[in-house]
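What follows is a set of notes on a single structure, which appears directly below.
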Amino acid sequence: MASVALGLMVLISLAYVSVAASRDSILSPPSHAAFPDWMAGPLGPLASWFKPSDEGRRILLTAVVVGMYLCYLAVIGCGSRLRPGVAIAAIVAIDVIFFLSPPLSLTDVFNYINYGRMEVLHGLNPYATIPALGPHSDPSFPLSNWHALLSPYGPLFTLYTFALVPLGVAASFWVLKGSLLLASLACLWLVWRCAELLGRDPLRATLFVGLNPLVLVWGLGGDHNDFFTMLFVLLAAYLLLEARARATAAGPDPGAPPAWGWGRLVGALDGARRPLGPGEPGPGREVGAGFLLMAAVAVKASAGLLLPVVLCGARRRLRVLGGMVVGLVVLGGASVYAFGAHLPNLAQQSTLVTLVGLPNVIGYLLGYGGETDTMKLVLAGILLAAVAGVSIW
């Protein structure tokens, strides 16, 4: 059953991407402005014969997501029967299919590109100037849609978009998609490794993350930068777990001479005895993990919700905190150098309502007609309580 469900997920993904690539439609929001071949990707001819109405395409999207979730649940429930090679090949195939798609469901990708081009080509700081005040003749402008919004994206990610500008809009689009694909596959490898370090089934963990339709349709299909954030988060988690595993393997070393002077001071600060025993890991992994978590925040500020959780759960908190401080100084300094005292426009973005976002859907289900200010406040309180609860746990 798991093999059949896995095969169906591959076929559903291929069919959906082919239909979305066959012509401009609501399935690819940027296509309302233009739908050149370079944006559509190579899979459109597979579904050129299929010409549903916009309503039919909405029904198709719903059917695809429901069908993928049913298959996903079947794979997760029976995943232990799958051969790892077959499962990994299917995950990679699905990821490649969504890499070859036009932008699905979301419009962010051309906002990324447009904000980068504003600074590099036109000298306009995307944290201080809205795109509407820039040149409308730039080829990325009609494909973007946040024309009245200052950039909400983190400085580290924005600097990456600067590096793409010399490639032009089309090549920037595909290089960005390719880097998201690589980041996604790297995240899955890290999930596998972290599961091994925790003594859990790595295949089931990888299937749980890698086949989630939310990750595939809205993440990879929508070309969203969350994969870069999660790459830094998962790499930090891997370093922390590996440091713990190495320390456990090293075990106590009662024969080590006591540390004096500087060694005793450092040991008092980070909680590790000095000198380090045989096999006892140094501070590099935990300091590096703290730095990587700040890099995740520099890509997307919402990663900051993880900082108290990690600090409470880390084996050597002061080492991790030291890495965070170094990251804050280095990455904060780079942001000030590139953008001045301006910060990402999170305040305005937080007021936007996502039609298919959980708060809006809950609002409809409760009969409020969508997300309300009261609901936003209640959900924010639940989020903070969840972060506090997980930190204590």
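Our compactness index for segment 303-343, the C-alpha radius of gyration over the empirical 2.2 N^0.38 Å, is 1.38. Remark: segment 96-103, residue by residue, has Karplus-estimated 3J(HN,Hα) of 5, 4, 6, 5, 7, 7, x, x Hz, where x stands for each Gly or Pro and the curve is 6.51 cos²θ - 1.76 cosθ + 1.60 at θ = phi - 60°. Semi-axes of the equivalent ellipsoid of segment 40-84 are 29, 16, 7 Å, computed as sqrt(5λ) over the eigenvalues of the C-alpha gyration tensor in descending order. Across segment 1-110, the fraction of Cα-Cα pairs farther apart than 18 Å, rounded to a whole number, is 51%. Simple spin-label estimate for residue 356 and residue 86 gives 3.0 nm between the two label positions (7 Å along the Cα-to-Cβ direction from each Cα). Identify all lysines with a Cα-Cα distance to residue 376 below 25 Å; exclude those on the same chain that are fewer than 8 residues away in sequence. Excluding near neighbours in sequence, the set is 300.
A 1.4 Å probe run over the chain, with the rest of the protein chains in place, finds 48 Å² accessible per residue.
Computed from the Cβ-Cβ distance with R0 of 35 Å, the FRET efficiency linking residue 201 to residue 33 stands at 0.15. Pick from 341, 74, 93: which residue has the top mean-square fluctuation in a GNM of the chain where Cα pairs under 10 Å get a spring? In this elastic network of the chain, the residue with the biggest mean-square fluctuation among 341, 74, 93 is 341.
For chymotrypsin sites (Phe, Trp or Tyr not before Pro), the sites in segment 1-78 that DSSP calls loop and that have at most 15 other Cβ atoms within 10 Å are 49, 50. The local environment of residue 169, defined by Cβ-Cβ distances under 9 Å, has a net charge of 0 under the rule Lys, Arg +1 and Asp, Glu -1. Once backbone amide H atoms are built at 1.01 Å from N, residue 222 has 104 as its partners under 5 Å, excluding neighbours fewer than 5 places away on the same chain.
First check a/c for segment 1-61, with a ≥ b ≥ c the square roots of the eigenvalues of its C-alpha gyration tensor; if it is under 1.5, answer rounded, and if not, answer prolate when a/b is larger than b/c or oblate otherwise. Judged from the Cα gyration tensor, segment 1-61 comes out prolate (a/c at least 1.5, a/b above b/c).
Shown for the chain: the carbon plus sulfur share of the solvent-accessible area, taken with all protein chains present and a 1.4 angstrom probe, equals 71%. Our summary gives the chain a relative contact order of 15 percent, counting only alpha carbon pairs under 8 angstrom and 6 or more residues apart.
Shown here for segment 181-249: trypsin sites (Lys or Arg not before Pro) in loop regions (DSSP other than H, G, I, E, B) with at most 15 other Cβ atoms within 10 Å, namely 200. Can you classify segment 282-393 as rounded, prolate or oblate using the Cα gyration tensor, where a ≥ b ≥ c are the square roots of its eigenvalues, rounded means a/c under 1.5, and otherwise it's prolate if a/b beats b/c and oblate if not? Oblate shape, in that a/c is at least 1.5 and b/c is the bigger or equal ratio. According to the Kirkwood relation over distinct C-alpha pairs, the hydrodynamic radius of segment 72-134 is 15.3 Å. Based on the Stokes-Einstein relation at 4 °C and a viscosity of 1.567 mPa s, and on the Kirkwood radius from alpha carbon pairs, segment 110-195 is assigned a translational diffusion coefficient of 95 µm²/s. In the chain, the calculated helix contribution to ellipticity at 222 nm averages -20000 deg cm²/dmol per residue, counting -39,500 (n - 2.57) for every DSSP H run with n ≥ 4.
What the phi angles of segment 315-330 give under the Karplus curve with 6.51, -1.76 and 1.60, with θ = phi - 60°, is a coupling list of 5, 10, 4, 5, 5, 5, 4, x, x, 5, 5, 4, x, 4, 5, 5 Hz, glycine and proline written as x. The Cα-based radius of gyration and maximum Cα-Cα distance (Dmax) for the chain are 23.4, 78 Å.
The base-10 log of I(q)/I(0) for segment 53-202, evaluated at q = 0.14 Å⁻¹, reads -0.86 [Debye formula, identical scatterers on Cα atoms, solvent excluded]. Over segment 129-255, the hull volume per residue, using the convex hull of the C-alpha atoms, is 137 Å³.
Most mobile of 240, 156, 379 per a Gaussian network model of the chain (Cα springs, under 10 Å)? Result: 379 has the largest fluctuation of those listed.
The values are calculated or read from the model by the stated rules, or taken from the named source; none is laboratory data. It should be emphasised that the depicted structure is a prediction, and the values quoted were computed from it without experimental measurement. FYI the Cβ positions are ideal-geometry reconstructions off the backbone, even for glycines, and counts take in every protein chain you see. Protein only, heavy atoms only, side chains kept; ligands, DNA and RNA dropped before computing areas. Shrake-Rupley method; radii C 1.70, N 1.55, O 1.52, S 1.80 Å.
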